[in-house]
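Asks: Next up is a structure, given as structure tokens.
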Amino acid sequence: MDIKSIPRFKLDAVDSDELTEFYVENGFVLVERLISPIECGDIRADLAKINRGDYGCPAINSVNWPLTDERLLGRYMYIGQPHAYSPTIRKYAIHSGLCQILDLIVGATVPFWNGAYKCMQTMFVTKKPGGNGSPWHQDEEPIPTRDRSLTGVWIPLSDATVDNGCLWIIPNSHHSGILYERYSHNLPDVDSMHIARGFEDQTEIPIEMDSGSVLFFSGYLLHSSKKNVSDYYRPALTIHYCSSNTLLSWGGERNYRGVIPVKGEDPYRDKGYVIPTPWAKEK
């Protein structure tokens with residue numbers, strides 16, 4: 001597969017069977033401009049407020065920069081669980097357009113899936129000009145659903161290009177169900193997160209996307225990004241979902257309850273819910 005052969009689905013003309021079949025076979029699906037320009041602006045404005053410290057999150061030191069200062073898009077490379085304090089981000093975690101696609105794919109490879117799913121994580125990942133890329137990894141490794149329902153949603157808030165650090169993926173790399181070991185590294189153009197090793201990456205392809213387009217991908221799909229060599233910020237909102245029936249052993253908990261029930265019945269609702277702990281990382 002090459003970048004020219006990737007179908008770009010449209011929400012208002014989606015063929016459900018075709019989209020689901022492509023996702024199951026390739027481990028990802030791209031839906032063009034699912035998030036409107038106004039909505040992208042809404043999320044970008046909230047990212048600036050978050051980075052300025054307007055919500056009083058202990059993980060983010062407040063600054064008095066004007067909200068129009070572009071540095072507020074990329075002050076932190078990673079901002080974890082912003083929906084814990086931001087009603088704007090919580091709103092987009094249950095966005096109707098996202099759900100229209102998630103309804104089809106979260107449990108597409110899970111036997112007896114009943115259509116219910118939950119959100120366990122929101123995260124901003126921003127590459128500022130000159131910012132390092134992210135190493136090869138699979139989201140399933142740190143978020144252990146193990147039932148293959150983990151689904152990542154990646155929303156660029158500006159056009160994502162090869163120059164400014166778009167995602168690169170290895171199509172079909174979810175097929176084997178292997179979780180590749182991750183190791184520390186000293187690669188100069190990659191951030192400090194551990195890198196997955198033990199696979200061939202010759203079939204990697206870049207996923208260039210317009211702002212507001214959305215990439216949905218399997219938790220087992222290998223992906224990375226490269227250094228931002230442009231003069232532009234590349235902010236993106238990432239959200240993760242899995243089947244509501246998944247016993248999510250995450251964050252030191254046997255059954256992690258910092259989740260948002262999105263669709264269907266939560267069989268663990270009697271365990272209650274907690275507010276997740278937000279975090280931020282500069283690089």
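The values are calculated or read from the model by the stated rules, or taken from the named source; none is laboratory data. In this text the structure is predicted, and so the values were computed from the model without any measurement. Cβ coordinates were reconstructed from backbone atoms using ideal geometry, including for glycine residues, and neighbour counts include every protein chain displayed. Surface areas here come from the heavy atoms of the whole protein model, side chains and all, with no ligands, DNA or RNA. Shrake-Rupley method; radii C 1.70, N 1.55, O 1.52, S 1.80 Å.
Asks: Considering only residues that are of a type in the set (D, E, K, R), farther than 17 Å from Val125 by Cβ and surrounded by 11 or more Cβ atoms within 10 Å (Cβ to Cβ), which ones fall in segment 183-207?
Replies: If the condition is that a residue be of a type in the set (D, E, K, R), farther than 17 Å from Val125 by Cβ and surrounded by 11 or more Cβ atoms within 10 Å (Cβ to Cβ), then Arg197, Asp201, Glu204 are the ones that fit.
Asks: Do the conditions hold for Arg52, that is, is it over 29 Å from Gly258 (Cα atoms) and of a type in the set (Lys, Arg)?
Replies: Values: over 29 Å from Gly258 (Cα atoms): no; of a type in the set (Lys, Arg): yes.
For Arg52, the condition - over 29 Å from Gly258 (Cα atoms) and of a type in the set (Lys, Arg) - is not met.
Asks: Look at Asn228 and say whether it is over 21 Å from Gly27 (Cβ atoms), without any contact (Cβ under 8 Å) to a residue 40 or more places away in the chain and in a loop (DSSP other than H, G, I, E, B). Steps first, answer last, please.
Replies: Numbers: over 21 Å from Gly27 (Cβ atoms): yes; without any contact (Cβ under 8 Å) to a residue 40 or more places away in the chain: no; in a loop (DSSP other than H, G, I, E, B): yes.
No.
Asks: Take the residues in segment 50-79 that are part of a helix (DSSP H, G or I) and open to solvent by 70 Å² or more (accessible area, probe 1.4 Å); name whichever of them is nearest to Leu11 (Cα to Cα). Can you show your working first?
Replies: Kept after step one, since they are part of a helix (DSSP H, G or I), are these residues of segment 50-79: 50-52, 70-73.
Checking the rest, the ones that are also open to solvent by 70 Å² or more (accessible area, probe 1.4 Å) come to 70-71.
Details: Glu70: 31, Arg71: 33 Å.
Taking the candidates together, the pick is Glu70.
Asks: If you don't mind, there's one more thing I want to ask. Would you be able to tell me the number of residues in segment 60-83 that are touching a Gly at 6+ places or on another chain (Cβ under 8 Å) and in contact (Cβ under 8 Å) with a residue 12 or more places away in the chain? Lay out the reasoning, then the answer.
Replies: First, the residues of segment 60-83 that are touching a Gly at 6+ places or on another chain (Cβ under 8 Å): 60-63, 74, 77, 81.
Going one step further and asking which of them are in contact (Cβ under 8 Å) with a residue 12 or more places away in the chain, we end up with 60, 63, 74, 77, 81.
The qualifying residues number 5.
Asks: Just give me the residues in segment 175-211 being in a loop (DSSP other than H, G, I, E, B), in contact with an Asp or Glu (Cβ under 7 Å, 6 or more places away or on another chain) and of a type outside the set (D, E, K, R), in sequence order.
Replies: Residues of segment 175-211 in a loop (DSSP other than H, G, I, E, B): 175-181, 184-189, 191-194, 197-204, 208, 210-211.
Applying the additional criterion that residues be in contact with an Asp or Glu (Cβ under 7 Å, 6 or more places away or on another chain) yields 179, 197-198, 210-211.
Within segment 175-211, Leu179, Gly198, Ser211 meet the criteria.
Asks: Further question on the same structure: Would you tally the residues in segment 167-210 being under 18 Å from Gly131 (Cβ atoms) and among the hydroxyl-bearing types (Ser, Thr, Tyr)?
Replies: Qualifying residue count for the region: 1.
Asks: Let me ask something else about it. Mind listing whichever residues of segment 251-283 are under 27 Å from Ala59 (Cα atoms), of a type outside the set (Asp, Glu) and either in contact with a Leu (Cβ under 8 Å, 6 or more places away or on another chain) or part of a strand (DSSP E or B) (or both)?
Replies: Arg254, Asn255, Tyr256, Val259, Ile260, Pro261, Val262, Trp279, Ala280, Lys281
Asks: Return yes or no: is Ser213 touching a Phe, Trp or Tyr at 6+ places or on another chain (Cβ under 6 Å) and open to solvent by less than 10 Å² (accessible area, probe 1.4 Å)? So that I can check it myself, show each step before the final result.
Replies: Values: touching a Phe, Trp or Tyr at 6+ places or on another chain (Cβ under 6 Å): no; open to solvent by less than 10 Å² (accessible area, probe 1.4 Å): yes.
Against the criterion (touching a Phe, Trp or Tyr at 6+ places or on another chain (Cβ under 6 Å) and open to solvent by less than 10 Å² (accessible area, probe 1.4 Å)), Ser213 does not qualify.
Asks: For segment 204-229, enumerate the residues that are under 27 Å from Gly107 (Cβ atoms) and more than 16 Å from the chain's Cα centre (by Cα).
Replies: Looking only at segment 204-229, we keep the residues that are under 27 Å from Gly107 (Cβ atoms), and these are 205, 207, 209, 212-224.
Within segment 204-229, just Ile205 meets the criteria.
Asks: Regarding segment 36-43, can at least one residue be identified that is surrounded by 14 or more Cβ atoms within 10 Å (Cβ to Cβ), among the β-branched types (Val, Ile, Thr), in contact with a Cys (Cβ under 9 Å, 6 or more places away or on another chain) and touching a residue at least 12 places away in the same chain (Cβ under 8 Å)?
Replies: no
Asks: Residue by residue through segment 231-250, note down the ones that are in a loop (DSSP other than H, G, I, E, B) and under 24 Å from Asp42 (Cβ atoms). Walk me through it before giving the result.
Replies: As a first pass, look at segment 231-250 and keep what is in a loop (DSSP other than H, G, I, E, B): 231-233, 244-249.
Hits for segment 231-250 are Tyr232, Tyr233.
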